[in-house]
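The values are calculated or read from the model by the stated rules, or taken from the named source; none is laboratory data. All values reported here derive from a predicted model rather than from experimental measurement. Neighbour counts run over all protein chains shown; Cβ positions are idealised from the backbone, glycine included. The accessibility values were calculated without ligands, DNA or RNA, using every heavy atom of the protein model including side chains. Shrake-Rupley method; radii C 1.70, N 1.55, O 1.52, S 1.80 Å.
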Amino acid sequence: MSIYNSRRGMGLFYQIFIVAVVNTAIGVLLFLSNSYVINVFSKILCVVFNLYMLYYIALFFTVKLVIDEEYIYILGIFNFKKVKIPIKDIEAYTVATGKIKGVRLSGVCNNNFALGRSIIDKIGVTRMFVTSNEVIIYIKTPEINYAISPKEYVSLENLFKEHNIPSGFYEINYKKNNALYKDKKFIRLFLVVSIIIIIMTLNPFILYIIGKLPRTMPLNYDAAFKPLLYGTSKQFAFRQMVYGALNMIVLFCMYYASYFHAKYDKKSSFIYIYMALIVSIGFLGMQFRILSTNL
């Protein structure tokens, strides 16, 4: 068994810079805004973004290769991240240097490092575990490509030669038939978001129809959840239904974004439907809090 550590470049500083900029922007927004809605979603964004970046920072620090007689393992975050590539399935490899030319599908990247999934020029859809662009090895398999940046790239290249794996490939392996409507997981997520939006939209309307809402209801709150504006129960129900309609628009936008994204990589296309899920849960949670304090 052989262990290959990754060559690490300046990607860590880039990630820290992005974290600092985004958190500063969110902090300024929270300081300047006196809106409960903006306050809630800013905090949700802050938590999700920081967890997302923490994952890739940890992966940057820990990613490495372990190779035995049959498999190449890409390991990271104390083996929490584990990718297993059968050596017999490797169709070709190629070595590149310099700027990474591609389009990010998911993860974090710039011209010097890439973690996540990208469409690489003349390579295709690739799972990126590149912590330095000094030397990058692209590995082609029937399902997807992989990119790594080991320090001991010469011995790794010799290993490929020993297994008669050819060097160089230029076929872009976009999957044309990634039909999301056939994916059970995606459909379940879509239905969950739809149900949440339906509940959010109909719940205040039904409460209004059956006379469960007070005559006056708060229509707007400050950041401390103190009412700023009151209106009739009818106005409250209508505003909540508008929020539901806006969430439905977001859902369909995220659906079509996922649909076009799935042409290149189905897994990373799920990001958009998860975004719609987070937004809808946030709005439903706010509605329940308002109703629980006023009924």
Dipole of the chain, positive end: most advanced residue of 9, 136, 283 [Cβ charges, Cα centre]: 283
With R₀ set to 22 angstrom, the calculated FRET efficiency between the beta-carbons of residue 61 and residue 84, to the nearest 0.05, is 0.55
Vicinal HN-Hα couplings computed from phi for region 108-116 (Karplus, 6.51 cos²θ - 1.76 cosθ + 1.60; Hz; Gly/Pro x): 10, 6, 8, 6, 10, 7, 7, 10, x
Could you compute the FRET efficiency for residue 26 and residue 274, with r as their C-beta to C-beta distance and R0 at 22 Å, rounded to 0.05? 0.65
At 7 Å along the Cα-to-beta-carbon direction for both residue 8 and residue 252, put a label point, then send me their distance in nm to one decimal. 4.8
How charged is the neighbourhood of residue 217? Take every other residue with its Cβ under 12 Å from the Cβ of residue 217, and add Lys/Arg as +1 and Asp/Glu as -1. +4
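Can you give the Kirkwood hydrodynamic radius of region 36-139 from its Cα pairs, in Å with one decimal?
Averaging 1/r across every pair of different Cα atoms and inverting gives 15.3 Å.
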Identify all lysines with a Cα-Cα distance to residue 185 below 16 Å; exclude those on the same chain that are fewer than 8 residues away in sequence. 266, 267
From the helices alone, meaning DSSP H stretches of at least four residues, give me the mean residue ellipticity at 222 nm for the chain, per-run term -39500 (n - 2.57), in deg cm²/dmol to the nearest 500. -17000 deg cm²/dmol
What accessible area per residue comes out for region 67-169, rounded to a whole number of Å², with a 1.4 Å probe? 46
Per principal axis, largest first, the Cα atoms of the chain extend in Å by 80, 41, 30
What distance in nm separates the simple spin-label points at residue 70 and residue 95, each placed 7 Å from Cα in the Cβ direction? 2.9
If you take the beta carbon distance between residue 152 and residue 263 as r and set R0 to 41 Å, what does 1/(1 + (r/R0)^6) give as a FRET efficiency, to the nearest 0.05? 0.70
